[in-house]
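In what follows, a single structure is set out as structure tokens and then discussed.
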Amino acid sequence: MKKAALYVRVSTADQHIESQLYDLRQLAEQRGIQVVKEYEDKGVSGLKARRPGLDALMADARQKKFSVVLVAAFDRVARSTRHFLHVVDELDSLGIEFVSRREGVATGDAMGRLFITIISAIAELERSLVVERVKSGMRRARLEGRQIGRARLDVDRAQIVQDRRSGMSLTQVARKHSISRASVCRLMKEASGNALPVVFSPVVDLAQQAGAGR
């Protein structure tokens, strides 16, 4: 007998998961599948990337604790088409069948795999259209002479580097030029070609000179 895991989720704390669990237990019984564990996320929005119940399910899936995952619907699993496909693809790579009650899809049969393939193709098309729209917008912005990305700091870079190398602290340099400490660090790295600056210690230098004179 196949071993199954049930996954249920509700978006708000005042919603109940019992109806989802009842339907999935019934579905498992109809398919002759033994339910070994139930995973749930209560009051967790589908937009959240991290969900304790789903994370625990995927962790147990990697340990092959079951061979089938039953869910009430696609939208109970993932926050987006891409995330949904990622979950299904990982389960498939582990040899675990995915079954959605509402859509009537099971990746263990040919029609289910075909449906997932169609969804993947639509998602890929959607990503391509988004990328093309972004590129088109950037081209239009360049033609109109608009700034793309982070604006270049309008500061005296040479003076900032000189002030820092003269012994001023990051905070002092940042305050003097009205920029952030991170910007000072970035400008120093650019000036030194990402090489770490060499710091000379007067005490060490004098000791070395004394040693050389012996």
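Once the principal axes of the Cα atoms of the range 3-108 are found, what is the range along each, listed largest first in whole angstroms?
Its Cα atoms span 32, 27, 24 Å along the three principal axes.
Compute the length gained on full extension between K2 and R165: take 0.36 nm times their separation in residues and subtract their Cα-Cα distance, giving the result in nm to one decimal. Spell out each step's value before the answer.
Numbers: separation 163, 0.36 × 163 = 58.68 nm, distance 6.89 nm.
Fully extending the segment from K2 to R165 adds 51.8 nm.
Of the beta bridges DSSP finds with both residues in the range 3-108, what % are antiparallel, to the nearest 5? Before the final figure, lay out the partial values.
On the way: 2 of 17 bridges.
Here the share of antiparallel DSSP bridges comes out near 10 percent.
Which value in nm describes the separation of the simple spin-label points at A158 and K37, placed 7 Å from the Cα toward the beta carbon?
So the label points at A158 and K37 sit 6.5 nm apart.
Lys and Arg at +1, Asp and Glu at -1: add these up for the other residues within a Cβ distance under 13 Å of I160 and post the number.
Numbers: positive: R157, R164, R165, R175, K176, R181, R186, K189; negative: D154, D156, D163, E190.
Here the count lands on +4.
List the residues, sorted by chain then number, that are 5 or more residues from V69 or on another chain and whose placed amide H is less than 5 Å from its amide H.
A5, E97, F98, V99
We did not get these values from a lab; they are worked out from the coordinates using the rules stated. Source: prediction; values computed, not measured. Glycine gets a Cβ as well: all are built from the backbone with ideal geometry, and neighbour counts include every protein chain shown.
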